[in-house]
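**Student:** Quick one: structure below, then a few questions.
The values are calculated or read from the model by the stated rules, or taken from the named source; none is laboratory data. Here the structure is a predicted model, which is why all the values come from computation and not from measurement. Positions of Cβ are generated from backbone atoms using ideal geometry, with glycine treated the same way; all protein chains shown enter the neighbour counts. Areas reflect the complete protein model, heavy atoms only, side chains present, ligands, DNA and RNA absent. Shrake-Rupley method; radii C 1.70, N 1.55, O 1.52, S 1.80 Å.
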Amino acid sequence: MRYLTSGESHGPQLTTIIEGLPAGMPLEAEDINENLARRQKGYGRGRRMQIEKDRASIVGGVRHGYTLGSPLGLVVENKDWTHWTKVMGIEPLLEGGEEEVKRKISRPRPGHADLVGGMKYGHRDLRNVLERSSARETTVRVAAGAVAKKLLKLLDIEVVGHVLEIGGIKAEKLHYDSINELREITEESPVRCLDEEAAGKMMNLIDEAKQNGDSIGGVVEVIVEGMPAGVGSYVHYDRKLDAKIAMAVMSINAFKGVEFGLGFEMARKPGSEVHDEIAWSEELGYYRKTNRLGGFEGGMTTGMPIRVKGVMKPIPTLYKPLQSVDIETKEPFKASIERSDSCAVPAASVVAEAVVAWELAAGIVEQFNSDQFEKLRQDINRQRQDSKEY
Ligand code: EPS
């Protein structure tokens with residue numbers, strides 16, 4: 001299964017084409033839209049989110065509520081486009097210099113793709129870089145992920161992203177009875193955090209950052225329950241499913257690191273406190289007594305819950321100016337901006353959920369009989385049974 005995305009932050013629309021979905025899977029625009037709405041929420045978002053009301057149109061690959069097995073086309077309009085038609089017009093500018101490029105950018109923002117992207121593609125207007133490097137693109141990644149989540153859910157696999165840390169404030173209360181409870185609690189939290197007390201402190205810190213013209217980052221975690229054992233493979237580097245997930249999480253705008261299970265903490269513990277002892281029961285089949293490795297051994301799912309964390313740096317578009325250099329004059333200046341989010345970590349937990357779901361769904365589709373959804377379901381259930389009896 002693969003997908004591509006297209007679209008600029010202030011262009012007319014974002015587009016994705018998903019190829020390789022099984023035929024006969026129920027799918028409606030609402031499955032996607034509820035996830036788009038979740039990504040738009042979150043304490044710390046800027047004014048752009050009051051303009052956008054993201055909704056996906058399915059423009060190919062579905063008939064009467066079921067996938068056809070043909071490529072799925074999804075489109076999300078940018079409502080803000082109406083304010084940007086002159087700046088982001090598709091047509092060539094009028095000849096003879098009667099029309100000039102509007103809102104041209106020659107001042108790269110530290111921490112963004114602006115400067116290096118301009119050098120690389122030879123753009124003298126850095127808007128050509130920032131329009132695509134913007135995290136607006138995560139909208140369609142969430143749309144693609146929503147389709148993957150639907151496939152997983154129909155196979156009894158649940159995926160939930162939540163926030164562990166913002167600006168140095170950590171969630172301490174991390175207990176939940178079931179993954180549904182985790183989803184319900186974090187869904188109600190403005191910062192998607194399980195710990196209500198920590199959530200309050202996080203919101204105060206976001207307010208403070210906003211007042212200071214600054215931004216803050218954090219840590220998100222994605223938890224997955226219900227994956228069968230043995231998806232992915234140890235036999236070759238590019239078939240290791242944890243490695244694919246790590247790549248997907250790292251590719252989210254502003255993400256700088258990924259951990260599974262205990263993650264970097266493993267460096268500080270002996271092997272006896274890291275590896276998960278193996279047990280077997282009639283009800284569960286093989287299971288691990290702990291889950292410190294976060295659901296993977298040898299690049300394959302173990303059947304235990306998957307736990308993957310990602311760290312997001314503070315958004316680099318700051319009201320508080322940072323030193324930079326104008327590419328036209330080569331003069332130093334202090335970068336300042338008109339509009340930004342002070343914290344997008346809650347939204348990023350929805351994006352992380354989407355990209356992890358995508359890799360898992362793609363891993364499943366690659367491995368099992370997947371032309372027809374019903375056959376895929378049977379194949380997975382057979383695998384679950386086989387693993388239990390192995
Ligand atoms: C973004 C800057 C802001 C964010 C945007 C990502 O947009 P603008 O420059 O239009 O104010 O709101 O995020 C989204 C539009 C979104 O849907 O997440 C950036 O520079 O990455």
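**Student:** Being out of contact with any Lys or Arg (no Cβ under 9 Å at 6 or more places or on another chain), of a type in the set (S, T, N, Q) and closer than 20 Å to A357 by Cβ is the filter here; which residues of the range 176-223 pass it?
**Tutor:** Across the range 176-223, the qualifying residues are S178, N180.
**Student:** Can you tell me how many residues within the range 1-39 are within 11 Å of the ligand (Cβ to nearest atom) and part of a strand (DSSP E or B)?
**Tutor:** 1
**Student:** What number of residues within the range 283-323 satisfy the criterion of being assigned to a loop (DSSP other than H, G, I, E, B) and at pLDDT 95 or above? Write out each step before concluding.
**Tutor:** So the first thing to find is which residues in the range 283-323 are assigned to a loop (DSSP other than H, G, I, E, B), and the list is 283-284, 289-295, 298-299, 302-305, 313-321.
Now drop any that are not at pLDDT 95 or above, which leaves 289-295, 298-299, 302-305, 313-314.
Qualifying residue count, the range 283-323: 15.
**Student:** If you go through the range 88-98, how many residues are modelled with pLDDT under 95 and either part of a helix (DSSP H, G or I) or within 13 Å of the ligand (Cβ to nearest atom) (or both)?
**Tutor:** Counting residues in the range 88-98 that are modelled with pLDDT under 95 and either part of a helix (DSSP H, G or I) or within 13 Å of the ligand (Cβ to nearest atom) (or both) gives 3.
**Student:** Let me ask something else about it. Can E137 be described as of a type in the set (D, E) and without any contact (Cβ under 8 Å) to a residue 60 or more places away in the chain?
**Tutor:** no
**Student:** Return the only residue of L360, L376 being assigned to a helix (DSSP H, G or I), more than 22 Å from I223 (Cα to Cα), more than 16 Å from the ligand (Cβ to nearest atom) and open to solvent by less than 20 Å² (accessible area, probe 1.4 Å).
**Tutor:** Values: L360 fails: more than 22 Å from I223 (Cα to Cα).
When all the criteria are applied, what remains is L376.
**Student:** Give the residue that is nearest to S340 (Cα to Cα), with candidates limited to residues of the range 264-276 that are assigned to a loop (DSSP other than H, G, I, E, B) and open to solvent by 40 Å² or more (accessible area, probe 1.4 Å). Spell out how you get there, then give the answer.
**Tutor:** Residues of the range 264-276 that are assigned to a loop (DSSP other than H, G, I, E, B), as a first pass: 269-270, 274-276.
Of the ones still in play, those that are also open to solvent by 40 Å² or more (accessible area, probe 1.4 Å) are 269-270, 275.
Values: K269: 41, P270: 44, H275: 43 Å.
If we take residues in the range 264-276 being assigned to a loop (DSSP other than H, G, I, E, B) and open to solvent by 40 Å² or more (accessible area, probe 1.4 Å), then K269 is nearest to S340 (Cα to Cα).
**Student:** Taking the residues in the range 40-83 that are among the hydrophobic types (A, V, I, L, M, F, W, C) and out of contact with any helix residue (DSSP H, G or I) (no Cβ under 8 Å at 6 or more places or on another chain) as candidates, determine which candidate is nearest to the ligand (Cβ to nearest atom).
**Tutor:** By that ranking, first place goes to W81.
**Student:** Which residue out of R39, R55 is surrounded by fewer than 18 Cβ atoms within 10 Å (Cβ to Cβ), among the basic types (K, R) and closer than 13 Å to A146 by Cβ? Break it down stepwise before answering.
**Tutor:** Values: R39 fails: surrounded by fewer than 18 Cβ atoms within 10 Å (Cβ to Cβ).
After applying the criteria, what remains is R55.
**Student:** Could you check how many residues of the range 86-98 are without any contact (Cβ under 8 Å) to a residue 40 or more places away in the chain and surrounded by 13 or more Cβ atoms within 10 Å (Cβ to Cβ)?
**Tutor:** Looking only at that region, the number is 1.
**Student:** Hey, L164 hits all of (1) open to solvent by 10 Å² or more (accessible area, probe 1.4 Å); (2) within 11 Å of the ligand (Cβ to nearest atom); (3) within 28 Å of D207 (Cβ to Cβ); (4) of a type outside the set (K, R) but one; which does it fall short on?
**Tutor:** It is condition (2) that L164 fails.
**Student:** Restricting the range 136-160 to residues that are in contact with a strand residue (DSSP E or B) (Cβ under 8 Å, 6 or more places away or on another chain) and of a type in the set (D, E), which is nearest to Y176 (Cα to Cα)?
**Tutor:** Ranking the candidates gives E158 first.
**Student:** Please go through the range 122-144 and pick out each residue that is near the ligand (Cβ under 9 Å from one of its atoms) and among the polar types (S, T, N, Q).
**Tutor:** Selection gives S133, S134, T138, T139.
**Student:** Further question: Collect the residues in the range 99-128 that are open to solvent by 40 Å² or more (accessible area, probe 1.4 Å) and not in a loop (DSSP other than H, G, I, E, B), keeping them in residue-number order.
**Tutor:** If the condition is that a residue be open to solvent by 40 Å² or more (accessible area, probe 1.4 Å) and not in a loop (DSSP other than H, G, I, E, B), then L115, V116, M119, K120, Y121, N128 are the ones that fit.
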